[in-house]
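The values are calculated or read from the model by the stated rules, or taken from the named source; none is laboratory data. Computed from a predicted structure; not experimentally measured. Quick reminder, even Gly has a Cβ in these numbers, built from the backbone with ideal geometry, and neighbours come from all protein chains shown. SASA here: full protein model, heavy atoms, side chains in, ligands and nucleic acids out. Shrake-Rupley method; radii C 1.70, N 1.55, O 1.52, S 1.80 Å.
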Amino acid sequence: MRVAQLGSGTPEVAVVAGVHGDEPCGVRAIERLLEERPTVERPVKLVVANEEALERRVRFLDEDLNRAFPGDPDAQTHEKRLAHRLTEELADCLTFSMHSTQSHGDPFAIVNGVSATARDLVPQLPVTAMVETSEFAEGRLFSEIETIEVECGLQGSETAAQNADRLTRAFLTAVGVLPGDTMRRELPVYRLTDVIEKQTADSYEVFVENFTEVEAGETFAAADGDEQIAQEAFYPVLMSPYGYRDVFGYAAEKVEVLPSQTAAD
Ligand SMILES: [Zn+2]
C-alpha cells in the first residue's frame, strides 16, 4: 500500500486506486495528481491499495480485497491483512475509490446506501447512474468506510484512465479540495435486488445491455448455449460473460431519478 498526501493537515478526504490489481485506471489518475501537485484548499490522502497485485497485473493474490473488509492484521491472506491496514488508514476519511469493469463503458457510481452525502456528491460526478448495493455490500470497503465507488470504464482501456482522471477531479472539486464549480446532472438511481448466478460452462454469452430494462420472458444470457430467460423484468448491472467467475452480474430495480438542480438552486 502506498499512501501520499496533497496539502497539509489531517485529511478528511481520500482517493483510493488499485483495490483490484488488474484495474490500473485509478492509479494513473493518482500518479498524475502527484506529478502535477495542484494547489489544494483542504488536504487529501491518496492511496494505491494493492501494489502487490498491481505489479502482477492480477485482481488479487489470495482473495478479492473488496470482499475482505474489515480484514484482520493476523489473517493468512495478503488481502485480509491489507483490508485491515486500509480500514485504519481511511478511518476518518470520506473515500472515493476507483474501479473498472468488463461490463460497461460509461462511468457509474456504486454506494452502500443513498446517504445525504451520496445524494449531494454523486450527481456532481460525470457518471450516468448511481447503484445502491443494499444487502450485497458484505466485505466491501464501503461496509467499513464512508465510500463512493466509481466504475471508470472498461478494464485496461485508455478511456477508463481518462475517465478516472475526470472523475477524480470532479470529486475533489465537489468536496472543496480543488477550487471551482461542478455541474449537477440528472441521475437515475438503481438498487441491486439479486445476484445472477452462472452455471459452470466453457463459454458464456450475455445478450442484454447494462442499465437497459430486460422484460419478463426475454433471453438475457447463455452458458454453453443453455439460454437463461428472465422470470420477471429487471435492470442488468455489472453483467458480462466473463467479468466474474461464478456470476454473470446483478439484477437491479430503478428506484428514482435525482433532478439536475436542487430546490435551493
Ligand atoms: Zn474493481
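Conditions (1) away from the ligand (no atom under 16 Å from the Cβ); (2) assigned to a strand (DSSP E or B); (3) not assigned by TED's automatic domain parsing to the domain that holds Cys152, marked per residue:
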position	(1), (2), (3)
Gly9	yes, no, no
Val19	no, no, no
Glu23	no, no, no
Val27	no, no, no
Ile30	no, no, no
Glu35	yes, no, no
Pro38	yes, no, no
Glu41	yes, no, no
Val47	no, yes, no
Worksheet item: Which ones in segment 117-136 are open to solvent by less than 10 Å² (accessible area, probe 1.4 Å) and at pLDDT below 95?
Response: Thr133
Worksheet entry | Cross-chain or 6+ apart pairs with Cβ under 6 Å, segment 2-21 first and open to solvent by less than 40 Å² (accessible area, probe 1.4 Å), then of a type in the set (Phe, Trp, Tyr) and part of a strand (DSSP E or B) | Val15/Phe96
Response to the item:
Residues of segment 91-107 being over 21 Å from Phe211 (Cβ atoms) and of a type in the set (D, E, K, R), in sequence order, are Asp92
Worksheet item: From the list Phe60, Phe142, which residue is under 13 Å from the mean Cα position of the chain (by Cα) and within 13 Å of the ligand (Cβ to nearest atom)?
Response: Phe142
Worksheet item: Thr200 versus (1) assigned to a loop (DSSP other than H, G, I, E, B); (2) polar (S, T, N, Q); (3) crowded, with 16+ Cβ neighbours inside 10 Å: which is the lone unmet condition?
Response: (3)
Item to complete: Say whether the condition of being under 21 Å from the mean Cα position of the chain (by Cα), on the phi > 0 side of the Ramachandran plot and in contact (Cβ under 8 Å) with a residue 24 or more places away in the chain is met by at least one residue in segment 225-237.
Response: no
Worksheet entry | Residues (closer than 23 Å to Val40 by Cα, over 14 Å from the mean Cα position of the chain (by Cα), of a type in the set (S, T, N, Q) and in a helix (DSSP H, G or I)) located in segment 148-197 | Gln162, Thr173
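Conditions (1) touching a His at 6+ places or on another chain (Cβ under 9 Å); (2) within 16 Å of the ligand (Cβ to nearest atom); (3) farther than 19 Å from Ser100 by Cβ; (4) among the small types (Gly, Ala, Ser), marked per residue:
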site	(1), (2), (3), (4)
Val44	no, no, yes, no
Glu51	no, yes, no, no
Asn66	yes, yes, no, no
Phe69	yes, yes, yes, no
Pro73	yes, no, yes, no
Thr77	no, no, yes, no
Ala83	no, yes, yes, yes
Practice prompt. Check whether at least one residue in segment 208-218 is in contact with a strand residue (DSSP E or B) (Cβ under 6 Å, 6 or more places away or on another chain), modelled with pLDDT of 95 or more and open to solvent by 40 Å² or more (accessible area, probe 1.4 Å), and report yes or no.
Written response: yes
Worksheet item: Among Glu88, Glu63, Glu79, which is the only one that is open to solvent by 30 Å² or more (accessible area, probe 1.4 Å), part of a helix (DSSP H, G or I) and not basic (Lys, Arg)?
Response: Glu88
